[in-house]
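Below you will find the structure I want to go over with you.
The values are calculated or read from the model by the stated rules, or taken from the named source; none is laboratory data. Since the model is a prediction, treat every value here as computed from it, not as a measurement. Glycine gets a Cβ as well: all are built from the backbone with ideal geometry, and neighbour counts include every protein chain shown.
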Amino acid sequence: MILYEHLNTNDKGNLTIGGLDTVDLAREFGTPAYIIDENVVRKNCRIYKNAAIKYFGEDALPLYASKALCFTEMYKIAAEEGLGIDCVSGGELYTAKKAGFPAERIYFHGNNKTDRDICDAMDMGVGTFVVDNCDELYAVSKEAVKRDTVQNILLRITPGIDPHTHKAIVTGSVDSKFGSAIETGQAMDIVKKAIAAKGVNLIGLHCHIGSQIFDIEPFSDAANIMARFIAQIKEECNYEIDVLNLGGGLGVRYTEYDREIDYEKSIKDIATVVTEYCKNNGIKMPKVILEPGRSLVAAAGITLYTVGGVKEIPGFKNYISVDGGMPDNPRYALYQSTYTALIANRATEARDYRATVAGRCCESGDLIGENMEIQKAQRGDILAVLVTGAYNYSMASNYNRIPRPPVILIKDGKARIAVKRETYEDIVRNDVL
Ligand SMILES: *Cc1c(COP(=O)(O)O)cnc(C)c1O
C-alpha cells in the first residue's frame, strides 16, 4: 500500500491503482493521463452521506463541490450516490444538466453570478442560489419577480475565521471577496434585505472557511459562530433559519508527512458543536449541508506521465522532466502544494533519489514539485504523481497549446474513458482564420 489502500505494487514491481497496472494503463491510454478510481470516489461519498445523516439527522445533505473534479460522468456518480452538488458557473451547471443531475439538488455558488448565469440557472430550475452580496440579491430578486416565481436562497456569510491554511485558499475571513461578514454588521444587513426582498425565499445561511484544513477547531468555531448568528436573527428579525451550510474544506493526505484524517469522526465532532449550541440556546436544529470537494475525489486520482530528459546540475538540483506539467497540474505553481511522486515501473524500489519534477512548458515555475523523494529515473520511465483527483483536471489549461489529458475511470478492475484526450484539432477549433 502506498498512502492509500487502492494504490499498491504488483509482482512486476509496478504501481497499481484499483488493482490495475499503471504501466499497462499508460501504454493503453497514453500519457499524460488522469486515472481516477471510481470505487474510492463512491466510498468517500458514502462516508460523508452516512455520517451526515447519522450525526446531523435525516435531513442532512452533503453536496459535492464539483469544481474539484468536473465532467459529465462525475455528476452522474454524485447523483447516484444521493449527493447534492455545488456549481459555480454556467459551464458547471450546463455539465450537470447534460448528466441529468436533479436540478432541485443543485446549489448555485460563486461571488459574481452574471445576469446570464442567473437566467440560465432559473431556466434549469436550480433548487437553491447561494447569494454572495446585496447586488446579487437584488439581481436574483428582480429576475425571479420578472418570472413570477420565488427562488430559494442561502446567504453566504463570512464568520471571520482564519483556518491556518494557504492564504490563496482561505475564504472565511472578514477581508474576503466572498460573502458578508458578521463582524462588520453587513451580514445582518443582507439578512434583513433578503427577508424583505420579493421573489426570494431566504431558507438559510452558508459559510466556507477555506480548504485543506486538518484541524477541527476552525470548523467548530465557524459552526458555533453561525449557530449564534442564527439565534441573533431569530431574536432581531423574528425569522427562523432552516438551513445551515457549513461548506467544505477538510484536508487530504498528499504525502506520508501529512496527517491521516478520519472524515466520519470530523463530521461527528462538528455535529456535536452544532447540536449542543442549538439545544442550549433553544433554537431549532437546522438542516445541515456539508460541501466536500477535495476530500471526496483527491485521493482517488493519480496522473501518469512519461519521463523525458533527466538532468543533474552539479551543486544544484536534479531535474526530471515529464510530458505534462502546469497545464495539467497548476497546484505547485499556485500554492506550492506537496505531492508524492514515484517511478511507476520501479515502484517497489526505494525512493532514495531527490529530484525536481518539471513540466514541459516555457516557464521556470512549471514544476510538479521540488526536491521530491523519488526513484532514480531515466527517459521512457512512467512517472506517477499521486492524489491528483482534485483541482488538477478541473484547473487544467491549454498553456503552450498543450492538449488536456484524458480522464480514465477505473471500476471493479476495468478502465474506461470518461473524458477523451484533447487533440490538436480541438486546440484550434475556435480559432477564426
Ligand atoms: C471550494 C469550495 C468547497 C470545497 O472545498 P474543498 O476544500 O475542496 O472541500 C466547498 N464550498 C465552497 C463554497 C467552495 O468554494
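Under 9 Å by Cβ, and 6 or more places apart or on different chains, what pairs join a residue from the range 118-130 that is touching a residue at least 24 places away in the same chain (Cβ under 8 Å) and assigned to a strand (DSSP E or B) with one that is hydroxyl-bearing (Ser, Thr, Tyr) and within 16 Å of the ligand (Cβ to nearest atom)?
Close Cβ pairs satisfying both conditions: Thr128/Tyr107; Phe129/Tyr107; Val130/Tyr107.
In this structure, is Val407 within 30 Å of Thr348 (Cα to Cα) and within 16 Å of the ligand (Cβ to nearest atom)?
Details: within 30 Å of Thr348 (Cα to Cα): yes; within 16 Å of the ligand (Cβ to nearest atom): no.
Considered against the rule, which asks whether it is within 30 Å of Thr348 (Cα to Cα) and within 16 Å of the ligand (Cβ to nearest atom), Val407 comes out as no.
Can you tell me which of Gly369, Gly380, Gly359, Gly389 is within 16 Å of the ligand (Cβ to nearest atom) and modelled with pLDDT of 95 or more? First the steps, then the outcome.
Details: Gly369 fails: within 16 Å of the ligand (Cβ to nearest atom); Gly380 fails: within 16 Å of the ligand (Cβ to nearest atom); Gly359 fails: within 16 Å of the ligand (Cβ to nearest atom).
Answer to the check: Gly389.
State all residues of the range 232-248 that are touching a helix residue (DSSP H, G or I) at 6+ places or on another chain (Cβ under 8 Å) and farther than 12 Å from Cys207 by Cβ; if no residue qualifies, say none.
Within the range 232-248, Gln232, Ile233, Glu236, Cys237, Tyr239, Glu240, Ile241 meet the criteria.
A follow-up question, please. Is at least one residue of the range 188-204 within 16 Å of the ligand (Cβ to nearest atom) and among the aliphatic types (A, V, I, L, M)?
no
How many of the residues in the range 78-110 are buried (at least 18 other Cβ atoms within 10 Å of the Cβ), of a type in the set (Asp, Glu) and more than 14 Å from the chain's Cα centre (by Cα)?
So the count comes out to 1.
Shifting gears a bit: What's the total number of residues in the range 260-293 that are within 16 Å of the ligand (Cβ to nearest atom), in contact with a helix residue (DSSP H, G or I) (Cβ under 8 Å, 6 or more places away or on another chain) and assigned to a loop (DSSP other than H, G, I, E, B)?
Filtering the range 260-293 down to residues within 16 Å of the ligand (Cβ to nearest atom) leaves 261-264, 266-267, 270, 288-293.
Filter once more, keeping what is in contact with a helix residue (DSSP H, G or I) (Cβ under 8 Å, 6 or more places away or on another chain): 261, 263-264, 266-267, 270, 288, 290, 292-293.
Within this subset, residues satisfying the condition of being assigned to a loop (DSSP other than H, G, I, E, B) are 261, 292-293.
Total meeting the criteria: 3.
Something else: Would you please name the residue that is farthest from the ligand (Cβ to nearest atom), looking only at residues in the range 149-172 that are at pLDDT below 85 and closer than 21 Å to Ala187 by Cα? Walk me through how you get there before you give the answer.
Initially, the range 149-172 is screened for residues at pLDDT below 85, giving 161-172.
Those still in the list that are closer than 21 Å to Ala187 by Cα too: 161-163, 170-172.
Details: Ile161: 14, Asp162: 16, Pro163: 10, Val170: 11, Thr171: 6, Gly172: 10 Å.
Across the range 149-172, the extreme among qualifying residues is Asp162.
Tally up the residues in the range 94-117 that are more than 15 Å from the ligand (Cβ to nearest atom), touching a Cys at 6+ places or on another chain (Cβ under 7 Å) and either hydrophobic (A, V, I, L, M, F, W, C) or in contact (Cβ under 8 Å) with a residue 40 or more places away in the chain (or both), please.
1
Given the criteria out of contact with any strand residue (DSSP E or B) (no Cβ under 8 Å at 6 or more places or on another chain), in a helix (DSSP H, G or I), more than 16 Å from the ligand (Cβ to nearest atom) and of a type in the set (Phe, Trp, Tyr), does Tyr257 qualify? Can you show your working first?
Values: out of contact with any strand residue (DSSP E or B) (no Cβ under 8 Å at 6 or more places or on another chain): yes; in a helix (DSSP H, G or I): no; more than 16 Å from the ligand (Cβ to nearest atom): yes; of a type in the set (Phe, Trp, Tyr): yes.
In short, no.
A follow-up question, please. Name every residue in the range 50-77 that is within 13 Å of the ligand (Cβ to nearest atom) and not in a loop (DSSP other than H, G, I, E, B), in order of residue number. If you could, list the steps in order and put the result at the bottom.
Applying the first criterion (within 13 Å of the ligand (Cβ to nearest atom)) to the range 50-77 yields 62-70.
Selection gives Pro62, Leu63, Tyr64, Ala65, Ser66, Lys67, Ala68.
Within the range 1-19, track down each residue that is hydrophobic (A, V, I, L, M, F, W, C) and surrounded by fewer than 21 Cβ atoms within 10 Å (Cβ to Cβ).
Going residue by residue through the range 1-19, those that are hydrophobic (A, V, I, L, M, F, W, C) are 1-3, 7, 15, 17.
Matches in the range 1-19: Met1, Ile2, Leu3.
Would you mention how many residues in the range 389-419 are part of a strand (DSSP E or B), over 24 Å from Thr340 (Cα atoms) and not β-branched (Val, Ile, Thr)?
Qualifying residue count, the range 389-419: 3.
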